[in-house]
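Peer 1: Have a look at this one before I ask anything.
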Amino acid sequence: MIVKKLSELEGSEHDVRAKTWKSRRLLLAKDGVGFSLHDTVMYQGTETTMWYQNHIEAVYCIEGEGELEDLDSGQRYLIRPGTLYTLDGHERHVMRPITDIRMVCVFNPPVTGHEVHDENGVYPLVSEY
């Protein structure tokens, strides 16, 4: 059994921060459960372009509001609490938080925590080391 508290991750290596977001990594590949689980906050007034070529990501909004744009189709979606979106087609997308927006994110395959978005917003496949 794995039991973790979000408050215990603050300031640790599992508390990953970038200019437009912070992500607390609750479960990673090394936990051996087949997916990773993140509590992520994206900051109001920012814009983050992502493209998970190597992962499927499911995102469930629990606080705040933002606009999600599918960069391939141009379709835009209002994301607010209770909304789920899944990037099952590896869609290039951009998130534009209207307010700070908090989401629970699941990645398959699981991320290791060592990934960094490249210039295209892609996480490479990284093996545990």
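Peer 1: Among the residues of the stretch 115-125, are any at pLDDT below 95, over 14 Å from the mean Cα position of the chain (by Cα), under 30 Å from Met1 (Cβ atoms) and not acidic (Asp, Glu)?
Peer 2: yes
Here's the yes/no breakdown for (1) under 13 Å from Phe107 (Cα atoms); (2) free of Cβ contacts under 8 Å to residues at least 40 places away in the same chain; (3) not hydroxyl-bearing (Ser, Thr, Tyr):
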position: Glu13; (1), (2), (3): no, no, yes
position: Thr46; (1), (2), (3): no, no, no
position: Tyr52; (1), (2), (3): yes, no, no
position: Ala58; (1), (2), (3): yes, no, yes
position: Gly66; (1), (2), (3): no, yes, yes
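Peer 1: I need a count of the residues in the stretch 90-103 that are surrounded by fewer than 19 Cβ atoms within 10 Å (Cβ to Cβ), at pLDDT 95 or above and within 11 Å of Glu57 (Cβ to Cβ).
Peer 2: Residues flagged as surrounded by fewer than 19 Cβ atoms within 10 Å (Cβ to Cβ), at pLDDT 95 or above and within 11 Å of Glu57 (Cβ to Cβ) within the stretch 90-103 amount to 0.
Peer 1: Additional query: Can you find, within the stretch 66-92, the residue that is nearest to Val41 (Cα to Cα) among those that are assigned to a loop (DSSP other than H, G, I, E, B) and among the hydroxyl-bearing types (Ser, Thr, Tyr)? Don't jump to the end; show me each part of the working.
Peer 2: Start the filter on the stretch 66-92 by keeping residues that are assigned to a loop (DSSP other than H, G, I, E, B), which leaves 71-75, 80-83, 87-91.
Narrowing the set further to residues that are among the hydroxyl-bearing types (Ser, Thr, Tyr) leaves 73, 83.
Numbers: Ser73: 25, Thr83: 15 Å.
Per the stated criteria, the residue is Thr83.
Peer 1: Any idea how many residues of the stretch 50-88 are at pLDDT below 95, exposed (fewer than 15 other Cβ atoms within 10 Å of the Cβ) and not charged (D, E, K, R)?
Peer 2: Of the residues in that region, 1 qualify.
The values are calculated or read from the model by the stated rules, or taken from the named source; none is laboratory data. Not measured: the values here are computed from a predicted model. Because the Cβ atoms are built from the backbone with ideal geometry, glycine has one as well, and the counts that use them run over all protein chains shown.
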